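Q: Structure in structure tokens, see below.
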Ligand code: FPP
């Protein structure tokens with residue numbers, strides 16, 4: 001199926017979020033260590049980034065490491081952190097050639113020093129690119145991001161800078177690590193799991209959810225385009241009724 005050709009360019013999601021899942025199971029099926037799955041997952045990161053940029057998506061956010069992932073075996077965590085460093089440095093040229101800006105959300109300053117530095121370099125080197133923004137969610141969780149926003153706003157109220165009544169959904173959005181980005185209209189999760197797993201809890205309020213059975217290392221451009229076609233066939237009502245939308 002030529003999914004790409006079925007995409008309606010006038011109704012493209014501006015922001016797509018992805019929970020890349022199934023690397024471990026993919027590797028296990030092949031009798032390989034979990035890290036082999038993560039390494040092959042990088043190919044899918046490249047494919048999906050290219051696919052999104054090619055059709056004109058403006059923001060692509062990938063859930064690369066959650067605050068809960070620290071609980072994984074030490075060796076897996078350190079391999080993932082090294083893989084991130086490698087990938088960011090290796091892919092910076094491609095990001096430059098394709099005019100893609102790198103950004104990160106989550107508490108990246110608490111990552112190992114080399115990983116943090118690689119991200120800062122990647123972000124700095126690509127900061128003037130404006131075709132698409134690739135956002136890596138790292139040491140991220142929706143609840144901690146919301147907690148930090150609440151603490152920040154409470155401090156501003158305590159200091160008399162704002163009144164409690166000034167706190168609106170917009171003000172909350174502006175205090176999240178995704179401030180300035182549009183909310184994702186589409187969330188894709190791979191590997192057959194149907195959960196949000198503490199990802200972008202506030203921002204996904206009205207997102208359409210697409211669950212693909214494919215393990216992340218096997219996820220390719222057509223699979224990504226299929227999710228967009230599926231999204232475009234849905235009716236987004238935002239709490240209203242069909243007739244009001246028409
Ligand atoms: C989920 O699969 C995947 C991760 C927690 C890590 C994702 C990382 C990469 C694809 C590599 C580097 C990424 C970038 C952005 C450079 P899992 O381990 O939870 O798989 P399982 O559910 O089968 O165990």
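A short reminder: the numbers here are calculations on the coordinates, not readings from a lab. Values in this document were obtained by computation on a predicted structure and should not be read as measured data. Here the Cβ positions follow ideal geometry from the backbone for every residue, glycine too, while neighbour counts run over all protein chains shown.
Q: Which value in deg cm²/dmol, rounded to the nearest 500, describes the helix-derived mean residue ellipticity at 222 nm for the chain, given -39,500 (n - 2.57) per DSSP H run of n ≥ 4 and division by the residue count?
A: Theoretical 222 nm ellipticity from helices: -13500 deg cm²/dmol.
Q: Treating each Cα of the stretch 17-74 as an identical point scatterer and ignoring solvent, apply the Debye formula and state log10 I(q)/I(0) at q = 0.14, 0.17 Å⁻¹.
A: -0.46, -0.65
Q: Another one. What is the spread of the Cα atoms of the stretch 98-194 along each of their three principal axes, largest first, in whole Å?
A: 44, 34, 28
Q: Quick one: what Rg and Dmax do you get for the stretch 187-246 from the alpha carbons, in Å?
A: Using the Cα atoms of the stretch 187-246, the pair Rg, Dmax is 13.4, 41 Å.
Q: So how much slack lies between residue 165 and residue 143, counting 0.36 nm per residue of separation and subtracting their Cα-Cα distance, in nm? All intermediate terms of the calculation are to be shown ahead of the outcome.
A: Numbers: separation 22, 0.36 × 22 = 7.92 nm, distance 2.23 nm.
Between residue 165 and residue 143, full extension yields 5.7 nm more.
Q: So between residue 123 and residue 158, what do we pick up on full extension, going 0.36 nm a residue minus the alpha carbon distance?
A: This chain segment gains 9.2 nm when fully extended.
Q: Can you figure out the FRET efficiency of residue 5 with residue 72, using R₀ = 41 Å and their beta-carbon distance, to the nearest 0.05?
A: Step by step, r from the Cβ atoms, then E = 0.55.
Q: Which peptide among 70-77, 22-29 comes first, and what is the full order, when sorted by highest mean count of other Cβ atoms within 10 Å?
A: 22-29, 70-77
Q: Can I ask one more? For residue 197 and residue 54, compute 0.36 nm times the residue count separating them, minus their Cα-Cα distance, and round to one decimal in nm.
A: Length gained, residue 197 through residue 54: 48.6 nm.
Q: May I pose another question? Comparing 191, 78, 141, which has the greatest mean-square fluctuation in the GNM of the chain with Cα pairs linked when under 10 Å apart?
A: Greatest mean-square fluctuation among the candidates belongs to 78.
Q: With a Förster radius of 45 Å, plug the Cβ-Cβ distance of residue 237 and residue 113 into 1/(1 + (r/R0)^6) and report the FRET value to the nearest 0.05.
A: Computed FRET efficiency for residue 237 and residue 113: 0.45.
Q: Direction-averaged shadow area of the convex hull around the Cα atoms of the chain, nm²?
A: It is 15.3 nm².
Q: What spacing in nm lies between the two simple spin-label points modelled at residue 29 and residue 94, each 7 Å away from Cα in the Cβ direction?
A: Between residue 29 and residue 94, the simple spin-label model gives 2.2 nm.
Q: Could you sort the peptides 3-12, 227-236 by per-residue average Cβ neighbour count (10 Å cutoff), highest mean leading?
A: 227-236, 3-12
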